[in-house]
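A short write-up of the structure that comes next.
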Amino acid sequence: MSGTVPSAFSLDDLARIVAERAKASPDESYTARLVSEGQGRAAKKLGEEAVETVIAAIEGDRKQLVAEAADLLYHLMVVLHAGGVPLQDVLQELARRTAQSGLAEKASRQK
Ligand SMILES: N=c1c2ncn([C@@H]3O[C@H](COP(=O)(O)OP(=O)(O)OP(=O)(O)O)[C@@H](O)[C@H]3O)c2ncn1[C@@H]1O[C@H](COP(=O)(O)O)[C@@H](O)[C@H]1O
């Protein structure tokens, strides 16, 4: 563990950290403990963090929204790792979606 705050940090960086720490001892790593508890537990935590993010957003609490959004993204990385889904697959899907607006995509489904 570095102990220093990196100047630039990406979801790729976080996904790599999660994959690495998932191999650690559950006694020494929250990531490893959550992964060892199974996808159901990790998904439940993701849901909890999503709700906490919703509450922070509705309350207009920007500082808390930053903290809860960070929790949410971290727990999403754990769920993706536990589900064997590379972050790159999700990012490629998001890249694919840039070809059209979300409104156009929704309209195309209704034909
Ligand atoms: N980004 C995070 C991160 N965000 C949140 N959390 C942890 O997620 C847990 C959420 O705590 P909660 O109180 O919401 O829930 P809980 O403690 O599971 O207990 P309950 O309330 O659910 O019963 C806390 O232990 C937080 O520290 C994180 N744990 C780790 N990381 C990253 O992962 C790296 C490796 O961490 P370890 O795997 O612990 O080495 C860290 O250096 C960070 O970069």
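Every read-out reported here was derived from the displayed coordinates using simple, explicitly stated rules and does not represent laboratory data. On a predicted model such as this, the values are computed, not experimentally measured, just so you know. Neighbour counts are summed over all protein chains in view; Cβ atoms, including those assigned to glycine, are modelled from backbone coordinates with ideal geometry.
Listing for the model above:
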| read-out | value |
| --- | --- |
| Peptide ranges 87-95, 43-51, 67-75, 19-27 listed from the most packed, as the mean C-beta count within 10 angstrom indicates | 67-75, 43-51, 19-27, 87-95 |
| Sum of side-chain charges, Glu52 neighbourhood, beta-carbon under 15 Å (Lys, Arg +1; Asp, Glu -1) | -2 |
| Gain upon complete extension [Ser36, Ala70; 0.36 nm per residue less C-alpha separation] | 10.1 nm |
| Computed over the chain: relative contact order in percent, which uses C-alpha pairs under 8 Å that are six or more apart | 24 percent |
| Approximate shape of the chain as ellipsoid semi-axes (Cα gyration tensor, √5λ), whole Å, largest first | 27, 19, 16 |
| Eligible lysines near Lys63 by straight Cα distance, threshold 21 Å, same-chain separation 8 or greater | Lys45 |
| Net charge over other residues, Cβ less than 14 angstrom from the Cβ of Glu68 (K, R count +1; D, E count -1) | -3 |
| Sites Ser101 and Asp27, calculated FRET efficiency, Cβ-Cβ separation with R0 41 Å, nearest 0.05 | 0.30 |
| Förster-model FRET efficiency, 35 Å R0, Asp13 and Ser108, C-beta, rounded to 0.05 | 0.50 |
| Unit charges on C-beta of K, R, D, E only; dipole of the chain, Debye | 480 debye |
| Mean ellipticity per residue at 222 nm, deg cm²/dmol - from DSSP H runs of n ≥ 4 across the chain, formula -39500 (n - 2.57) | -22000 deg cm²/dmol |
| Cα lying deepest toward the dipole's positive end in the range 11-86, options Leu80, Gln64, Leu46, charges on Cβ | Leu80 |
| Span-rule helices in the chain, defined as complete DSSP H runs reaching 20 Å or more along the axis (Cα) with Kyte mean at least -0.5 | 39-58, 62-82 |
